[in-house]
Amino acid sequence: MKTVIVANGTLSEPDGLLPRIQQADMVIAADGGAVHLHHMGIIPGIIIGDLDSIPTQILLFYKEKQVKILKHPVRKDQTDMELCMAYAIDHGCTDLLIMGATSTRLDHTLANIFLLRRLADQGIPTTILDAYNDIHVVVSGLTLMGRPGDLLSVIPVSDHVKGLTLEGLEYPLTDQTLCMGSTMGISNVFTQDEAKISLKSGAVLVIKPKEE
């Protein structure tokens, strides 16, 4: 099941995102993400969060549309994004796209990125998409499409990454071991239309920056 979560962070170029939301089997609004969806004319399947970022009129609009709402207390141990991810997993998500998960709040941005590890461990392909980057966490393998000259960075996010192999890039690697803190994988370059990342153990953050 293709699922989209829209959060309350920065959401640029909403017109370009609209087709991808419309193609989803399930659309989840993470609290104030409902505001972004309202501006795009999208009715989510569910709104999840403490509802502290949704204006009353928009909340009433969705209630009138009989949208399911799962309200959580403001004082809680999980962020709205984590609650949305858990809901997606519990309801059969097999492919997840997350929008509005990055912002000037670096703490929330990093927390959202590192939440991708949970999905990766369960074999659920997940992408955080923003105006500047496509972001993934990989624990086994990933194939990305691009064009020659596109940038790609691979950053260790576990103490050790073993058996790292990179193909289709200007600086390939074969069965390499990297430690967290290494910058070896920064600013690699596509040499063809497809890049392959695989590893035997550990986890890497894979970021494909978009052209300015």
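Would you mind working out the magnitude of the charge dipole of the chain relative to its Cα centre, with +1 at each Lys and Arg C-beta and -1 at each Asp and Glu C-beta, to the nearest 20 Debye? Using Cβ point charges on Lys, Arg, Asp and Glu, the chain gives about 460 debye. Reported to the nearest whole Å, the Cα centre-to-centre distance from segment 102-139 to segment 153-212 is 16.
Solvent-accessible surface of the chain, averaged per residue with a 1.4 angstrom probe and all protein chains in place: 52 square angstrom.
Residues considered: Arg75, Arg147, Arg20. Largest GNM mean-square fluctuation over the chain, using C-alpha springs under 10 Å, is found at Arg75. Basic side chains Lys and Arg get +1 at the Cβ, acidic Asp and Glu get -1 at the Cβ, and with that the dipole of segment 62-110 about its Cα centre reaches some 300 debye.
The stretch between Asp95 and Ser201 holds 35.9 nm of extra length on full extension. This uses 0.36 nm per residue minus the Cα-Cα distance. Under a Gaussian network description of the chain, with springs only between Cα atoms under 10 Å, the residue in Pro172, Pro19, Pro125 that fluctuates furthest is Pro19.
Remark: relative contact order (segment 1-95) = 31 percent; criterion is Cα-Cα distance under 8 angstrom and separation of 6 or more residues.
Evaluate E = 1/(1 + (r/R0)^6) for Thr183 and Glu64, where r is the Cβ-Cβ distance and R0 equals 30 Å; express this FRET efficiency to the nearest 0.05. Working from the Cβ atoms, E equals 0.05. So which residue, out of Gly202, Gly181, Gly141, gets the largest mean-square fluctuation from a GNM of the chain using Cα contacts under 10 Å as springs? The residue with the greatest mean-square fluctuation here is Gly181. Over 31 Å between Cα atoms, which of Lys76/Lys200; Lys71/Lys210; Lys2/Lys210; Lys162/Lys208 qualify? Flagged as over cut-off: Lys76/Lys200; Lys71/Lys210.
Straight Cα distances below 20 angstrom link Lys68 to the aspartates and glutamates Asp25, Asp31, Asp50, Asp52, Asp80, Glu82, Asp90, with same-chain residues fewer than 8 positions distant left out. Of the accessible area of the chain, computed with a 1.4 Å probe over protein heavy atoms only, carbon and sulfur atoms account for 50 percent.
Evaluated with a Cβ-only charge set (Lys, Arg +1; Asp, Glu -1), segment 117-210 carries a dipole of roughly 200 debye about its Cα centre, given to the nearest 20.
The values are calculated or read from the model by the stated rules, or taken from the named source; none is laboratory data. Computed from a predicted model, the values in this text were never measured in an experiment. All Cβ positions, even for glycine, are placed from backbone atoms using ideal geometry, and neighbour counts span all protein chains on display. What goes into the accessible areas is simple: the full protein's heavy atoms, side chains included, and nothing from ligands, DNA or RNA. Shrake-Rupley method; radii C 1.70, N 1.55, O 1.52, S 1.80 Å.
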